[in-house]
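Reading through the structure tokens given below for one structure.
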Ligand code: PLZ
């Protein structure tokens, strides 16, 4: 397998450079953002003060001609590069053939081919089936529906620091109140929260953390009421928390022993992001059901639930679906993206980026004790900012650093229950030079604060 030529992928022939020709936002972006303020509700906020007009490789270009280094991939979506030429061509070809029939009315091969690819690529050598949806939240909701139907039980176990979406059920499943849940209740019932493994903050081994979680589940819910345990193998929005070794396998083992469906939410960790096609592989687990979205279709809205055929088939005919689920254009984009993931060296590139990120960020940590932790896998790696004397989360410093980076033309995202994590989710199409330049800007921001 050859490594990608990072200069030849990722959309329109954009100069792969950081280039600031105005302060951000420039006048044209400012004009568009003023229209946003008038036309779009406050609830739909944004963190980078630009209006994007093009993106590809490792950059996003704005309406004033500023070119920003992209270390966020639109929250882990444009993993193979924005407007990837193979994806763009597949979209154009499919759009010219047909744009929609509704898969529940007249099925088409593109959907079925995506299902076959996911059945093949997801961990576990057992027979699998896949249903397609539009968003990560919708995939998680459907995984819950399927698990409940299969088990005939009501309760769903989610975890501290978990994030699963913004619909009513997925708000209930999500841990963090602000900004995701505050004022939006009442929430769906029969959702219970178990403690996570958070090595930097709890100091527990994987086995200890799993025993603690299982005790909570058994005492407060009971296995015989539990349909599913739902967890991100690495918490995304919650702070890129990598569980201690052995935590996830112990939870899976408990699920198997108790007839509970284990659902992995790989919406953020999926599709080569962590250096394997799915993060579950790195923890040696085979989920019963896996929810995917984000990177799956190179930027088009598509999501999936893939899992054991006998669980997926528990639902009556007509019980699953939706007008747009598995839209043919999104499926054509996914088939092109999956081809790139499999054949253009994406796993190796994610691993290389992970090595580079860890090297640079570990060096920063050695020099600056406000970086309490460097963690993550592959191109999903983060730093947690703390007060060095108390280890208390430092959200103010985190926000200041992120803001300074953005002002200097580097798109970084924050995350974490305590808002004290900067996460790096670069497109795999970024060059080492551009990634290093982005990290230089982070280092400079840190030195200046
Ligand atoms: N599960 C693990 O990361 C989406 C949310 C951004 P949708 N994460 C980004 C925001 O503030 O809304 C996500 C995720 C995990 C589910 C979801 C939900 O995916 O496609 O946004 O619905």
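Laid out as a table, the results:
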read-out: Highest-fluctuation residue, 240, 283, 184 considered, GNM on the chain with Cα pairs under 10 Å; value: 184
read-out: Separation between Cα centres of region 402-428 and region 154-180, rounded to whole Å; value: 23
read-out: Gaussian network model of the chain, Cα within-10 Å springs - most flexible of 76, 211, 139; value: 211
read-out: Choice from 318, 26, 65 showing the highest fluctuation, given a GNM over the chain with Cα pairs closer than 10 Å; value: 318
read-out: Directionally averaged projected area (convex hull, Cα atoms, region 214-256), nm²; value: 3.5
read-out: Hydrodynamic radius (Kirkwood) for region 21-142, which is based on Cα pairs only, to one decimal in Å; value: 18.0
read-out: Debye equation applied to the C-alpha atoms of region 87-343, log10 I(q)/I(0) at 0.07, 0.11, 0.13 Å⁻¹; value: -0.23, -0.56, -0.79
read-out: Whole-angstrom gap from region 271-324 to region 198-244, using each part's C-alpha centre; value: 21
read-out: Relative contact order (percent, whole number), the chain, Cα cutoff 8 Å, 6+ residue spacing; value: 23
read-out: Stretch gain in nm, segment residue 339-residue 258, where the contour uses 0.36 nm per residue and the Cα spacing is subtracted; value: 25.4 nm
read-out: Region 87-343: relative contact order as a whole-number percent, Cα under 8 Å and 6+ apart; value: 31
read-out: Rounded to 5, percent antiparallel among DSSP beta bridges of the chain; value: 65
read-out: Highest-first arrangement of 44-57, 163-176, where packing means the average Cβ count within 10 Å; value: 163-176, 44-57
read-out: Estimated 222 nm signal from helices in the chain, with DSSP H stretches of n ≥ 4 weighted -39500 (n - 2.57), rounded to 500; value: -11500 deg cm²/dmol
read-out: Nitroxide proxy distance, nm - points 7 Å out along Cα→Cβ at residue 216 and residue 348; value: 4.2
read-out: Semi-axis lengths, Å, the chain, gyration tensor of Cα atoms, sqrt of 5 times eigenvalues; value: 33, 28, 20
read-out: Proxy reagent accessibility, fewest Cβ within 10 Å first, across 225, 182, 125; value: 125, 182, 225
read-out: Ranked list, fewest to most other Cβ atoms within 10 Å of each Cβ, for 413, 289; value: 413, 289
read-out: Label-to-label distance, nm, for residues given as residue 365 and residue 436 (7 Å Cα→Cβ offset); value: 2.2
read-out: Sequence-separation-based contact order of region 16-73, relative, with Cα cut under 8 Å and 6+ spacing, percent; value: 45
read-out: Sorted peptide list for 258-265, 300-307, 109-116, 372-379, criterion being average Cβ within 10 angstrom, highest first; value: 300-307, 258-265, 372-379, 109-116
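Laboratory data are not the source of any read-out in this text; all were calculated from the coordinates shown. Computed from a predicted model, the values in this text were never measured in an experiment. No Cβ is skipped: glycine too gets one built from the backbone with ideal geometry, and neighbour counts run over all protein chains shown.
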